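The values are calculated or read from the model by the stated rules, or taken from the named source; none is laboratory data. Note that this is a predicted model, so its numbers are computed, not measured. Cβ: placed from backbone, ideal geometry, glycine included. Neighbour counts: every protein chain shown.
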Ligand code: NIG
């Protein structure tokens with residue numbers, strides 16, 4: 001099935017030259033686009049794109065040259081904008097129930113750490129998940145997957161980390177994989193057994209780390225349930241030494257590192273992430289010159305999660321300084337029940353503008369090609385390029401491109417196409 005989209009007011013994030021796998025530093029201000037454009041899609045793949053002038057000059061040669069002849073369907077975009085679907089590279093989409101009681105505690109003044117220390121937080125989610133069977137967990141996750149698709153997300157990373165025992169961690173990863181099979185989302189999965197120390201190992205963190213290394217990683221790898229391995233490096237959670245052991249074990253089984261790093265302190269998470277050539281280090285609220293220098297020399301993406309800073313009312317990551325220091329910055333939703341109970345990438349873009357002081361061009365790079373890079377997907381996702389997966393958003397008519405970061409929650413998406421097919425709500 002060939003589809004031809006014509007009269008696109010602005011086709012954003014096009015790649016006309018050498019493939020772009022990510023954009024770093026000053027380059028994040030570059031956003032190639034074509035005004036008055038067409039886009040040709042063959043099945044689930046972008047076949048071609050260019051200026052409407054090409055179509056018009058062929059038209060002038062006679063009916064046998066009509067571009068439309070080669071399409072099964074012609075869709076008139078009528079001057080609206082088309083851009084790649086969002087690539088959300090950090091989520092905890094698989095979880096059971098919700099944690100609004102903790103939200104109420106937070107409003108009464110308790111901190112995230114205090115809630116966690118009382119057995120709330122991640123351990124609360126682990127208990128809920130343990131008591132939810134796999135089918136029900138899938139049903140709840142599917143609902144969230146449909147929600148993020150309706151907000152324009154086309155590729156997503158999904159972590160485990162609310163299981164905290166072999167059986168439940170595997171259950172989470174199977175559900176995450178199934179989301180990739182039964183929805184149009186492209187899914188990458190991450191094993192995050194080291195998200196918190198479960199109650200049964202209270203005071204015996206090292207024993208839990210041993211269980212992760214000896215019992216969980218081998219099975220997860222042999223069942224091919226994960227692409228990445230992650231760890232929450234933070235006081236009260238896991239240490240740099242734990243990370244060294246876990247990431248090393250993961251690497252031996254072919255799982256590339258990711259790290260929850262520097263969310264609440266200068267935890268050393270960035271250093272250990274870079275040591276293991278992590279695909280990304282995520283959060284980064286507490287980072288400075290030392291971390292910037294390490295990241296600049298590495299291939300590791302700096303993934304910022306402004307949704308959780310907003311929700312937890314914490315300091316935001318120093319995005320401007322990161323960009324000035326040449327880093328590759330991605331923005332993700334961190335959709336999870338505790339620190340970011342939403343997955344709307346449009347809202348993240350608004351926060352990136354307001355709180356991280358990023359420009360619209362930087363933000364669009366951060367939520368498309370750099371997000372794809374943080375999932376190892378930038379050869380197939382994150383831009384409008386020939387041969388890439390046809391994942392894109394058709395907007396309402398925009399007064400200017402800046403509207404996408406200014407709108408915050410006013411919907412600007414009119415139609416969504418994933419793997420070449422229109423998503424119907
Ligand atoms: O990325 N920081 C650790 N993990 C999540 C929060 C998980 C939770 O509170 O349930 C995060 O913010």
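A few points about this structure:
- Taking residues in segment 336-359 that are under 12 Å from residue 309 (Cα atoms), and partners anywhere that are within 16 Å of the ligand (Cβ to nearest atom) and in a loop (DSSP other than H, G, I, E, B), the pairs with Cβ atoms closer than 6 Å and at least 6 places apart or on different chains are 338/99; 338/121; 340/334; 348/333; 355/316; 356/316.
- Filter result for residue 267 (touching a residue at least 12 places away in the same chain (Cβ under 8 Å), touching a helix residue (DSSP H, G or I) at 6+ places or on another chain (Cβ under 8 Å) and over 26 Å from residue 361 (Cα atoms)): yes
- Test: residue in segment 81-91 that is within 11 Å of the ligand (Cβ to nearest atom), surrounded by 14 or more Cβ atoms within 10 Å (Cβ to Cβ), within 24 Å of residue 13 (Cβ to Cβ) and in the same structural domain as residue 162 (by TED's automatic domain parsing): yes
- Among the residues of segment 199-226, the one identified as surrounded by fewer than 21 Cβ atoms within 10 Å (Cβ to Cβ) and touching a residue at least 60 places away in the same chain (Cβ under 8 Å) is 199.
- Residue in segment 383-399 that is without any contact (Cβ under 8 Å) to a residue 60 or more places away in the chain and in contact with a helix residue (DSSP H, G or I) (Cβ under 6 Å, 6 or more places away or on another chain) present: no
- When 129, 173, 123 are checked against the criterion of being in contact with a strand residue (DSSP E or B) (Cβ under 8 Å, 6 or more places away or on another chain) and either outside any strand (DSSP E or B) or surrounded by 21 or more Cβ atoms within 10 Å (Cβ to Cβ) (or both), 173 stands alone in meeting it.
- Checking each residue in segment 26-39 for being in contact with a helix residue (DSSP H, G or I) (Cβ under 8 Å, 6 or more places away or on another chain) and either over 29 Å from residue 293 (Cβ atoms) or crowded, with 16+ Cβ neighbours inside 10 Å (or both) picks out 28, 31, 36, 37, 38.
- Residue in segment 221-248 that is nearest to the chain's Cα centre (by Cα), counting only those that are over 25 Å from residue 319 (Cβ atoms) and part of a loop (DSSP other than H, G, I, E, B): 227
- Number of the exception - residue 109 against (1) modelled with pLDDT under 95; (2) on the phi < 0 side of the Ramachandran plot: (2)
- When each of 242, 282 is tested for being within 16 Å of the ligand (Cβ to nearest atom) and in contact (Cβ under 8 Å) with a residue 60 or more places away in the chain, the lone residue that passes is 282.
- Per-region count, segment 15-25, residues crowded, with 17+ Cβ neighbours inside 10 Å and over 20 Å from the mean Cα position of the chain (by Cα): 1
- Residues satisfying the stated conditions in segment 290-331, i.e. within 14 Å of the ligand (Cβ to nearest atom), part of a loop (DSSP other than H, G, I, E, B) and touching a helix residue (DSSP H, G or I) at 6+ places or on another chain (Cβ under 6 Å): 316
Let's see how each residue does on (1) surrounded by 17 or more Cβ atoms within 10 Å (Cβ to Cβ); (2) in a helix (DSSP H, G or I):
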{"position": "334", "(1), (2)": "yes, no"}
{"position": "347", "(1), (2)": "yes, yes"}
{"position": "352", "(1), (2)": "yes, yes"}
{"position": "386", "(1), (2)": "no, no"}
{"position": "393", "(1), (2)": "yes, no"}
{"position": "411", "(1), (2)": "no, no"}
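- Residue satisfying all of: in segment 181-190; touching a residue at least 12 places away in the same chain (Cβ under 8 Å) and more than 14 Å from the ligand (Cβ to nearest atom); farthest from the chain's Cα centre (by Cα) among these: 182
- Annotation: residue 251 fulfils all but one of (1) away from the ligand (no atom under 16 Å from the Cβ); (2) closer than 30 Å to residue 219 by Cβ; (3) assigned to a loop (DSSP other than H, G, I, E, B); the unmet one is (3).
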